[in-house]
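Q: Mind having a look at this structure? Questions to follow.
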Amino acid sequence: MIVRLFLLAVMMAVPLSAQAADAVIRKAGRYILLLDGEGKPVAGSYWLSPALKISVHSRKGALPTDPEFRDRDFFPMRRGAMLLMANYRYSYSPEPSSVGIGQTQVIARKATPIGPLAAMLKSEDLMIRYSFHGTLGSRLDGIDLINHFYTIERNDLEAPDAKWGKRVYIETLDMDLSDDDAARVASIASGEALSSGDFYVDYLIRVAILPDLTRCLEEKRKAPDYPEKARRQRDGSDAYMAEAFPGDGMAFWEKRPSGAPDEQAMNVYRICPSDTK
């Protein structure tokens, strides 16, 4: 279990760069899942390349978040979300890495919309109050972890949501969690998925929020044509995103002609449309 913030009476002096995530973890096609005591996902990541992944987080009593494309979880520089048609590049001043243990710093986040839909995207510029509390090493399922504990608050009058407050960044796995979610983590699962869509299908099956949806996805995943559909996605939109997106490129949903048939074939809302309403 990831140690909770309020248990940290003494901080271990572990350099931020002491243990970078293993290269195998960030290999294209690999995933990491953080599981609770019942074996259900708390959060997960699937890497399209060492420089790009999708991140998913579970929500209490609801379907998990839709996949987001990111270069990293902790203060990401690139972010894309298909349903929101979002494509942003972020910069931070000062850099979060300049904030020492026990310090609090107001950080300006500049969000620059990218691509042909940039004029339609709302501003995501923010002033963030960032407090770095400390770093602690731990070991889970034979994996040495470096965990950074911090708090982020909105430095404005807007109401905060779930991504604000006390958080834990597991540097070794490049996974960022709320303090409450980190306390639920009991084990780690890793492996390979056929594509980004296959990873999300597997995540939904594991979390098993809606029984009908779970059964439908299990059946569809066993279909003879499923592996070929996943391969087309991996060789198509997944490969395109891995190559173009990190370098301020367009996302697959911004390309013309639109449709991304390989992506649509692996979309859970099309695989099991009657069960996701």
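The values are calculated or read from the model by the stated rules, or taken from the named source; none is laboratory data. All values derive from a computational prediction rather than experimental measurement. All Cβ positions, glycine included, derive from the backbone under ideal geometry; neighbour counts span all protein chains shown.
Q: Name the pairs: first residue in segment 259-272 and in contact (Cβ under 8 Å) with a residue 24 or more places away in the chain and within 17 Å of Ala223 (Cα to Cα), second residue buried (at least 21 other Cβ atoms within 10 Å of the Cβ) and among the small types (Gly, Ala, Ser), Cβ to Cβ under 7 Å, at least 6 apart or on different chains?
A: From residues that are in contact (Cβ under 8 Å) with a residue 24 or more places away in the chain and within 17 Å of Ala223 (Cα to Cα), the pairs are Asp262/Ser237; Met266/Ser195; Met266/Gly197; Met266/Ala230; Asn267/Gly197.
Q: Which numbered condition trips up Ala223, out of (1) over 22 Å from Ile32 (Cα atoms); (2) part of a helix (DSSP H, G or I)?
A: So Ala223 meets the others, but not (2).
Q: Residues being of a type outside the set (Lys, Arg), assigned to a loop (DSSP other than H, G, I, E, B) and touching a residue at least 24 places away in the same chain (Cβ under 8 Å): count how many of those fall in segment 30-52.
A: Number of matching residues: 5.
Q: Could you list, in sequence order, all residues of segment 153-186 that are over 23 Å from Leu33 (Cα atoms) and at pLDDT 95 or above?
A: Once the filter is applied, which keeps residues that are over 23 Å from Leu33 (Cα atoms) and at pLDDT 95 or above, segment 153-186 yields nothing.
Q: Take Leu140 and tell me if it is within 19 Å of the chain's Cα centre (by Cα), under 30 Å from Leu204 (Cβ atoms) and either surrounded by fewer than 16 Cβ atoms within 10 Å (Cβ to Cβ) or not hydroxyl-bearing (Ser, Thr, Tyr) (or both).
A: Spelling it out, it is not the case that Leu140 is within 19 Å of the chain's Cα centre (by Cα), under 30 Å from Leu204 (Cβ atoms) and either surrounded by fewer than 16 Cβ atoms within 10 Å (Cβ to Cβ) or not hydroxyl-bearing (Ser, Thr, Tyr) (or both).
Q: Name, by its number, the condition in (1) touching a residue at least 24 places away in the same chain (Cβ under 8 Å); (2) within 23 Å of Asp179 (Cβ to Cβ); (3) in contact with an Asp or Glu (Cβ under 8 Å, 6 or more places away or on another chain); (4) part of a strand (DSSP E or B) that does not hold for Arg79.
A: (1)
Q: Related question: Within segment 53-67, is there a residue that is without any contact (Cβ under 8 Å) to a residue 60 or more places away in the chain and more than 25 Å from Val207 (Cα to Cα)?
A: no
Q: Now for a different question. Taking Arg167 as the residue in question, decide whether it is assigned to a helix (DSSP H, G or I) and of a type in the set (D, E, K, R).
A: Spelling it out, it is not the case that Arg167 is assigned to a helix (DSSP H, G or I) and of a type in the set (D, E, K, R).
Q: From Gly247, Gly165, Gly197, which residue is touching a residue at least 12 places away in the same chain (Cβ under 8 Å) and surrounded by fewer than 20 Cβ atoms within 10 Å (Cβ to Cβ)?
A: Gly165
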